[in-house]
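Only one structure is covered here, and it is reproduced in the block below.
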Amino acid sequence: MRSKSLKTCLMASTLISGMAFAAPAVAQDDDVVVVTGSRIQRTDTVAPSPITNVSAEQLAVVNTVNTEDFINTLPQVVPAFDSTSNNPGNGTATVSLRGLGTTRTLVLVDGMRFVGSGPAQVVDLNSIPSALVESIDIVTGGASAVYGSDAVAGVVNFMMKDDFEGVEINASHETTLGDLDGEITTLSITMGGNFDDGRGNAVISMGYTDRQAVFQGDRDFSSLSNWDPGPGNAANGFISGGSSNIPGTRFRGATSSNFGAYGAGLVAADPSCASNICSGFFNTGSSINPMRFGSPNDTYNYAPSNYLQLPQERYNIAAFATYDVNEHLELYGRGIYANNVVDSQLAPTPAGVTLNVNLDNPTLPADLLALFTNDPASNNGDGTATIRTSRRYQEIGTRNSLRDTSSFQLVFGARGDINENWSYDVFANFSRSSISQIQTGNISVSALQAGVLCDGGPTAIASGCSAPYVDIFNGPNSMSAAGAESISRTGAQIDNVEMFQTVATVSGELPAFQLPTAEYAPALVMGVEYREASAESIPDSVLGPDVRGFNSSLPVSGVVDVYEFFAEAEIPLITGKAMVESLSANLAFRTSEYNTVGNTETFAVGLGWQINDQIRLRGNFNRAVRAPNVNDLFAPFTNGFPGAGDPCSGGANGSYSAATIDATCLAAGVPAGQLGAPFQGNAQMEALFGGNTGLGAETADTYTIGAVFEPAMIEGLTIQLDYYNIEIQDAISTVPLQTLLNECHLTGIQASCDTLYPAGAATPSRNPATGEMGANGFLPNLSPINVATLTAVGVDLRVDYGFSADIIGLPGDMAITYYGGFVSEADFTTSASSPVIECAGLYGLDCGEPTPEYKHSMQTSWYTGPFTTSLRWRHIGALDADPTTAATVSDLSDDITAKNYFDITFNYDVNEAFTATIGVTNFTDTAVPELGSTASEQANTWPATYDTLGRRLFVGGRLRF
């Protein structure tokens, strides 16, 4: 039951704020500011937590069209989804501070929450108009006491240009220099001005972005699917591999890949199988051959038709307004709307389907008929055979998911002074995203089975089947247009996500509590907040278990709401003393009551010590929380296909070795004769994913200790050094299938074996004949639980130095901004019994996206007359494959050398109104680290971390009047 006292507090505080309109007021100090990470109004920019600020000028100097492109270069960020994220990816752009997850990074716009892009409530940065971004503040460490749930890893706050006079038009065009592709065109116009003798200001901005596609087939490094040859086999390079789902259809027997003794004899007699792995048969269009999986192999290269850069078209409009009604009351509001259309594209649908086939099918090739007939396990004795097929349905075309997102935010608020010490702020914030996804290229399994049987034979006639015949037996492109149309399915899904937030605060000073050792009184903020986040996903009936292509989907809906009371205080302890110019404590507390997890409490304690004008020290402790979102709690069970190597299987999709505990494989249902055999036919294994209404809140303890140096002997130099330590307990996590397999079969953790192979399951854990995972209807349950821990520890260094270029013999002025990050720990555990997985300086199957131990971004600008020249140097430190990956790959994929990227920009002020820009990003054309498919995310690399498009040229202009 919800606490009445918390509700009463919410109502009372809102009433008090409303009564404040009639109170006497004194104008606020113009120098008072509020910095991200705190609601305290300050007379300087001293913050209790480390803040990294990115200015609009820094974004413009490298033609930042989508803000995640710049954010991902910062050392505080491990890249999440961006413009390269095709598979995995969903057309959104997200941010993950410290690599702790997008759901643990709170994204704000002017200190207010913004609507998410789906049931997980993760903000799509595409919906925030980049042309209006004045600056971006990134706060390290938990900030839940200030902003509420989700601020576990930190906060990314987009500060908007909401006070503008005049007209500004910006346009730019970007293209790659080597291939002249991947064009990005942007256009924006911003207009604003004061009205009513300066009492009000209004701003409106409109923008358009068009980004063209680049395919993996357009680049040499990504045009093939690289198979790593394995430990000790790097001499001949990567093997051109792919998928066992091929256009010519791979055929396997009901229980034996090679159709028992008859097929095994054909394999033994084939010379190409003597030094290769042959499993199953396929039709080339002219002959029936055993399918090879070694080198050479007969797999399908699915890479070329995948996007390397997703196409995008975006329209956005935003409006801001403020109006001083009187000296006590300022009204403010804003509206932001964005329509964003992004396409994802995959190779034609791969489907492994068990089918019944008529043996009297007149189009069935004689060699295939012999295989189906002579295998007793496949021949049903009734004129039909049961076979396993793996086919690439290229007659239907590529799989495309067109994501059309319309998002808006409306904010209305009032603020003002109550008296010389106190002020108030009340606002309501409503935002909504509607996402329409159209998915083409799917197939229907039931329609496929009906079409395979519709051959005019006796069985088809007896069954009364009327579907068009579907020919999957006579090689690539054997299916007729009518047959392809009969099994093709287009699916659609609508997501509606809403967020409502209302906040009322009063803030001021407490002169009665001023300490005798301090020159200033304590500052206090108190407030109440109500938030409601709701989401629903509505797929049509097509996207069900009968579909292959995109994953099946079921409806999702749910609401999470919370009532909160919060307070924050800054208490000056000592001021104006030797070695203590100022010493102050910062305290924050928030109590929250959720309709889902009940009550949570968060707090923060900070200390700031200004030793003198040159040295400032700061330290902060936060207890932060993340309550489960709608997707965590209410997502229905559906199938997915995570990639994993089976420790019980050999071959390309297995990782059987001396470390495998054979007894665990046998207990799971692998036949003794199959141990180590290449029975696992696909690196993507089917599993169940869904929500868990029993989830609790995550908790995190975050520590930051830092220093700011402004040495008097070097004018214009500022150095900020901050240590951070973030530890998250009871983290909501889906244990990866690879981790469960490793823990069960390599480490012998019984709890993981029980999760994979639950006792009393209705179907066998594995195919009893072959040992294959995902067979006979068995699917492991990979629902989230409060079981993981995550740790991030490191040091951030920022250096700003502005100086006259005379000291190096040049005219004008220079400015240097350096962001550096040193990661000492990036660890996690997936369960209470699993070992710590260390990921600092590593990447791969366990660690995922590369987390370099050292990373920096450094920008140097030279200002001379109307010219500005800027050079940015991005450095990504060397990395190694994580131990699980390193055990399965050769030296080709075992490490990544350090990468350096250089971007240069030239700006010229033609006159007071017009500025022209030209620049080249990655002008040294640094090579992409090319890896095997096991060690990479997509496109044989990690495209969100590394530049995949090569050298790019951009030109632009800005007109102001």
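Where does each of 649-659, 674-684, 745-755 land if you order them by average Cβ count within 10 Å, highest first?
674-684, 649-659, 745-755
Å³ per residue of the Cα convex hull, for the range 646-727?
Dividing the Cα hull volume of the range 646-727 by its residues yields 277 Å³.
If you average the alpha carbon positions of the range 199-278 and of the range 573-624, how far apart do those two centres end up, in angstrom?
A separation of 53 Å, based on Cα centres.
How big is the range 266-347 along each principal axis, measuring the range of its Cα positions in Å and listing the largest first?
94, 24, 16
Using the Kirkwood radius over C-alpha pairs as Rh, can you work out the diffusion coefficient of the range 912-961 via Stokes-Einstein at 20 °C, viscosity 1.002 mPa s, in µm² per second?
Translational D for this selection: 161 µm²/s.
With a ≥ b ≥ c taken as the square roots of the eigenvalues of the C-alpha gyration tensor of the range 679-723, please select rounded if a/c is under 1.5 and otherwise prolate if a/b is larger than b/c or oblate if it is not?
oblate
Where Rh is the Kirkwood radius over the Cα pairs of the range 611-679, the temperature 25 °C and the viscosity 0.890 mPa s, what D in µm²/s does Stokes-Einstein return?
The diffusion coefficient I find is 142 µm²/s.
For the range 882-948, what is the per residue volume of the convex hull drawn over the alpha-carbon atoms, in cubic angstrom?
Taking the convex hull of the Cα positions in the range 882-948, it is 102 Å³ per residue.
Cα-based Rg of the range 516-572 per 2.2 N^0.38 Å, rounded to two decimals?
That ratio works out to 2.38.
Determine the equivalent ellipsoid of the range 102-199 by diagonalising the alpha-carbon gyration tensor, then write out the semi-axes as square roots of 5 times the eigenvalues, largest first, rounded to whole Å.
Its equivalent ellipsoid spans semi-axes of 29, 24, 11 Å.
What's the Kirkwood radius of the range 508-637 in Å, using all Cα pairs?
After inverting the pairwise mean of 1/r, the radius is 18.7 Å.
Take the Cα gyration tensor of the range 117-261, multiply each eigenvalue by 5, square-root it, and list the three semi-axes largest first, rounded to whole angstrom.
51, 25, 17
Report the net charge of residues surrounding Ile726, where surrounding means a beta-carbon distance below 10 angstrom and charges are Lys +1, Arg +1, Asp -1, Glu -1.
Residues near Ile726 contribute -1 overall.
With no solvent and one equal point scatterer placed on each C-alpha of the chain, evaluate the Debye formula and give log10 I(q)/I(0) for q = 0.06, 0.11 Å⁻¹, two decimals.
-0.48, -1.43
Looking only at Cα atoms, what is the convex hull volume of the range 248-387 per residue, in Å³?
Cα-based convex hull of the range 248-387, divided per residue, equals 225 Å³.
Taking every pair of alpha-carbon atoms in the range 465-557, what share in percent sits in each 10 Å bin, from 0 to the bin with the longest distance?
Result, from short to long distances: 12, 19, 16, 12, 10, 9, 9, 6, 6, 0 percent.
Cα atoms only: what Rg and Dmax, in Å, come out for the range 779-825?
Calculated on Cα positions, Rg and Dmax stand at 22.8, 70 Å.
Computed over the Cα atoms of the range 375-513, what is the ratio Rg over Rh, Rh following Kirkwood?
Here Rg/Rh amounts to 1.47.
Rg and Dmax of the range 593-740, using alpha carbons, in Å: what are they?
Cα radius of gyration and Dmax of the range 593-740 are 25.4, 77 Å respectively.
State, to one decimal in nm, how far the label point of Tyr703 lies from the label point of Val167, with both points 7 Å from Cα in the Cβ direction.
5.8 nm
Over all directions, average the projected area of the Cα convex hull of the range 350-443 and note it in nm².
Seen from a random direction, the Cα hull of the range 350-443 projects 12.2 nm² on average.
Considering all projection directions equally, how large on average is the shadow of the alpha-carbon convex hull of the range 818-946, in square nanometres?
Answer in nm², one decimal: 10.3.
Report the semi-axes of the equivalent ellipsoid for the range 810-894 in whole Å, largest first, where each axis is √(5λ) for an eigenvalue λ of the Cα gyration tensor.
With the √(5λ) rule applied to the range 810-894, the semi-axes are 40, 15, 7 Å.
Under the classification rounded if a/c is under 1.5, otherwise prolate if a/b is larger than b/c and oblate if not, where does the range 690-839 fall, given a ≥ b ≥ c as square roots of the Cα gyration tensor eigenvalues?
prolate
Can you show me the helix-derived [θ] at 222 nm for the chain, built from DSSP H runs with n ≥ 4 at -39,500 (n - 2.57) apiece and divided by the number of residues, rounded to the nearest 500.
Rounded to the nearest 500, the figure is -2500 deg cm²/dmol.
Any read-out appearing in this document is the output of simple, stated calculations on the displayed coordinates, not a laboratory observation. Quick caveat: nothing in here was measured; it's all calculated off a predicted structure. Note: ideal-geometry Cβ built from the backbone for every residue, glycine included; neighbour counts use all protein chains shown.
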